[in-house]
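Here's the structure, in structure tokens; my notes come after.
The values are calculated or read from the model by the stated rules, or taken from the named source; none is laboratory data. What you see is a predicted model, and the numbers here were worked out from it, not measured in a lab. Quick reminder, even Gly has a Cβ in these numbers, built from the backbone with ideal geometry, and neighbours come from all protein chains shown.
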Amino acid sequence: MEGSNLLSGNVEQLNEMKECLLELYGYQSNNDSLLLEEEMLENSIADLEQAMKEEIVKTTKKRRQEIEDTFDKQEDKLQSRIKRIKDKREKSKNVKVSERIETETSSLRVENTQWKLEAKTVFKQKHIPRFCNTKLYYALYSPAYFTDYLLILVTLLITLLLIPCSIYFLLLPEEKIIYLILTYVITVVLFGGIYIIIGNRTKERYTQEILKVKGIRAQIRINKKKMAVIRKNIRKDRDESAYGLQDYDAELAKLDQEKAEITAQRRESLATFDNSTSQIVASEIEANYKDRLSVQRAEYDKVRTASGKAEERIKALSIKMASDYEPFLGKEYMTLKRVDTLISIVQAGNATNISEAIAFYKLNLEKDEDAVV
């Protein structure tokens, strides 16, 4: 269309412009719907792809954990068997060690039995009280070892502290210093007197016999120390060949080999899963999503293509409007309402061309339209 003829055109040119506007508006409206649909499809595809990825991760992790759990159960069972065998081995060893101790200390135990019998015979022949052949008696009247002095200390604490304080704080009606002093005096006199009396009637009277039994007790003590050394050496002895534990050791070695094989199988199974099986699992899940993704992607491509065509047509129509109509009428007349108004003016006989229709509109209708607005 020649620009010099547009303003002199009539209803036909206005109808052409109206059709162009209708087409432009139609494409714009349709393109808005296509863009919205495109966005929705894009989000739907993204959500489906994310769901697929999450299912792959979840399923792969679950399958791998199932492998781990299977081997854990096998290792737990094997470990329980190893523990049972070790417990049986330890029990058998302890029995054998005890038997060895019994054997290697038997002569010393027999000797101590004989010494004890001799000490009893000495006391029995002289009618010496039995309590004189006790550790407490020899600690109080003839101390010779560190433990004897400990017994003396404990005895003094009981007689000079525990008993007087118990009487003073628990039995007496009043707490007075004089009562405490009297309690200590009575306790010291009482137990001291008992100590002296027992000493005079036993130690002074049977000096030779008590010294002889003291020597016997010393010999028994020496033998006990020897037995303690024997027990210690036997328990520390690392050579277990004499205890007949070979069957247990062979079974434990076999179980250790099984454990090593299970560990190797675990590594191999997990490596196979990580390098191969996990990809197969992922492929199966992807195949389950393939059809839905294909449908949505095809629909997305279809909508995107339609949207691209609509945008191209909108671009072409917009250029046409800007080139053929806006330079003559101005952008303010590029609306369906005003184009329809101009058509009505011409059809009503108020103008013979577009230029006169615009002049009539400005003169008679523009102010009214502005007022309505």
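For the reader, a short list of remarks on this structure follows.
- Within the stretch 340-355, the set of residues being among the hydroxyl-bearing types (S, T, Y) and surrounded by fewer than 15 Cβ atoms within 10 Å (Cβ to Cβ) comprises T352 only.
- Options N112, N43, N94: the member that is in a helix (DSSP H, G or I) and either under 30 Å from E299 (Cβ atoms) or at pLDDT below 90 (or both): N43
- Of all residues in the stretch 193-210 being surrounded by 12 or more Cβ atoms within 10 Å (Cβ to Cβ) and in a helix (DSSP H, G or I), the one that is modelled with the lowest pLDDT: K203
- Single match in A287, A298, A322, A310 (criterion: over 16 Å from Q13 (Cβ atoms), of a type in the set (A, V, I, L, M, F, W, C) and touching a residue at least 12 places away in the same chain (Cβ under 8 Å)): A310
- Residue within the stretch 172-180 that is surrounded by 11 or more Cβ atoms within 10 Å (Cβ to Cβ) and part of a helix (DSSP H, G or I) present: yes
- Count of the stretch 342-367 residues which are part of a helix (DSSP H, G or I), polar (S, T, N, Q) and at pLDDT 85 or above: 2
- Matching residues, the stretch 143-171, being exposed (fewer than 14 other Cβ atoms within 10 Å of the Cβ), of a type in the set (S, T, N, Q) and closer than 30 Å to R217 by Cα: T147
- Scanning the stretch 268-298 for residues that are of a type in the set (S, T, N, Q), within 34 Å of the chain's Cα centre (by Cα) and more than 12 Å from I56 (Cβ to Cβ) gives S269, T272, N275, S276, T277.
- Enumeration of residues in the stretch 263-298 that are among the hydrophobic types (A, V, I, L, M, F, W, C) and either surrounded by 12 or more Cβ atoms within 10 Å (Cβ to Cβ) or not in a helix (DSSP H, G or I) (or both): L270, F273, V281, A282, I285, L293
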